[in-house]
Amino acid sequence: MANDVSGYAALHSRVRIMFSGLLTVQQVALLRDAASLPALVAVLKNTPYGPYLTATDEKELTARRTEAQLKQKVADAYLAVIHSAPGHDRALLIQFLRHFEVRNLKAVLRGIVIGSSWEQIQNILFPLGTLSTLPAQQMLESGNIEAAVAQLTGTPYFETLTQAMKRYASEQSLFPLEIALDLNYWRKLWGAVAQLPGLDHAQAVRIIGTIVDVTNLMWALRYHSYYHLSEEEVINYTLPFGYHVRDEDIRAIAAGADAARIVERLYPGLRNVEALLQDPERGLPKLELELQRRMRQQFIAVFESYPFTIGLALALVQLSELELQDLIVLIEAKSLQLPAEEYEPYLLMGENLNEKSPA
């Protein structure tokens with residue numbers, strides 16, 4: 001126990017400081033009430049996001065540029081916990097971060113297909129700095145998917161994409177490449193969780209498993225209810241592991257069982273599940289938001305548990321990501337001058353959801 005406390009002292013201190021820097025109820029209220037994008041930016045400059053915005057000329061802070069600047073704060077949160085964590089936890093935290101690299105890789109592949117310029121793609125990539133393994137610009141400028149994949153030799157993605165290229169060649173769709181990347185990411189992450197000892201393993205299974213549950217469940221629902229994929233395809237394109245959602249739940253959805261009853265059993269208290277599933281195009285995003293709200297509450301609760309494990313770091317970076325998700329909704333809404341009733345249902349942070357445990 002003494003060794004655990006000593007090894008986590010620096011991480012615990014750093015995470016507590018960053019947790020105290022998450023947006024407060026009052027700051028969220030000011031952001032929601034901001035009348036325009038410049039007004040929103042003015043509020044953000046008086047929060048821990050301020051240093052990421054003050055270095056840029058206000059005239060250059062378009063919605064896209066503002067989002068890019070705020071992403072750097074989330075990147076810095078990951079880097080801080082990675083550098084502060086005990087050595088046996090760093091591999092997991094780095095793999096956890098890799099979902100941003102998977103998103104970047106997908107963005108590059110899509111850019112190739114639609115003929116985007118490097119300037120257009122560069123502005124939407126998540127800033128990973130020295131942890132990035134992608135030759136993104138060279139891939140984009142290679143001109144086609146086959147040549148771009150060849151550029152990935154020596155990266156964690158080359159073998160996965162090479163195996164998926166046969167289906168891409170026959171279907172001329174990025175879907176088999178993207179799902180192969182997603183499945184490979186989560187399998188590697190779950191494998192990294194399995195390598196952790198003791199309390200670290202238990203906390204990582206709980207936190208990462210909760211994210212896997214929501215991801216996997218939403219995949220299964222979308223594949224079956226929205227894309228109408230076959231039972232075999234749904235099973236092949238989902239994960240056989242998780243924390244609360246079991247493989248038999250996913251297989252039941254794939255086989256056409258009553259999905260609303262399965263979701264209600266897994267997440268008691270969710271409202272209007274059947275109605276949401278009857279209109280998948282509109283309902284599934286709303287269901288996902290409800291599940292994310294529950295996750296957010298679970299991550300906040302981690303700060304009431306035993307602190308000297310990897311749990312606080314995992315919860316902190318996830319809370320930072322969910323906060324960024326809300327800020328992007330607000331940035332887009334304010335830049336388009338949308339009325340509150342059109343965007344507020346898509347916010348995770350509310351008066352009842354932003355209560356934080358004392359540091």
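Taking the criterion of being touching a Leu at 6+ places or on another chain (Cβ under 7 Å) and among the small types (Gly, Ala, Ser), the only residue of the range 321-349 that qualifies is SER335. Inside the range 18-65, residues that are out of contact with any Pro (no Cβ under 8 Å at 6 or more places or on another chain) and not in a loop (DSSP other than H, G, I, E, B) make up a count of 29.
Here SER117 meets the list (1) within 26 Å of THR66 (Cα to Cα); (2) surrounded by 15 or more Cβ atoms within 10 Å (Cβ to Cβ) almost entirely, failing just condition (2).
Filtered by the rule that a residue be without any contact (Cβ under 8 Å) to a residue 12 or more places away in the chain and under 19 Å from THR66 (Cβ atoms), the range 334-348 gives LEU336, LEU338. Residues that are in contact with a Phe, Trp or Tyr (Cβ under 6 Å, 6 or more places away or on another chain), in a helix (DSSP H, G or I) and of a type in the set (Val, Ile, Thr) do occur in the range 91-102. Applying the criterion of being of a type in the set (A, V, I, L, M, F, W, C) and in contact with a helix residue (DSSP H, G or I) (Cβ under 6 Å, 6 or more places away or on another chain) to the residues of the range 162-185, the residue that is surrounded by the fewest Cβ atoms within 10 Å (Cβ to Cβ) is LEU174. Restricting the range 250-270 to residues that are in a loop (DSSP other than H, G, I, E, B) and touching a helix residue (DSSP H, G or I) at 6+ places or on another chain (Cβ under 8 Å), the residue that is surrounded by the most Cβ atoms within 10 Å (Cβ to Cβ) is TYR267.
Taking the range 71-86 as the range and being farther than 16 Å from THR309 by Cβ, modelled with pLDDT under 95 and surrounded by 20 or more Cβ atoms within 10 Å (Cβ to Cβ) as the test, no residue passes.
The values are calculated or read from the model by the stated rules, or taken from the named source; none is laboratory data. The shown structure was predicted, so the numbers you read here are calculated from the model rather than taken from an experiment. Positions of Cβ are backbone-derived with ideal geometry, glycine not excepted, and every protein chain shown enters the neighbour counts.
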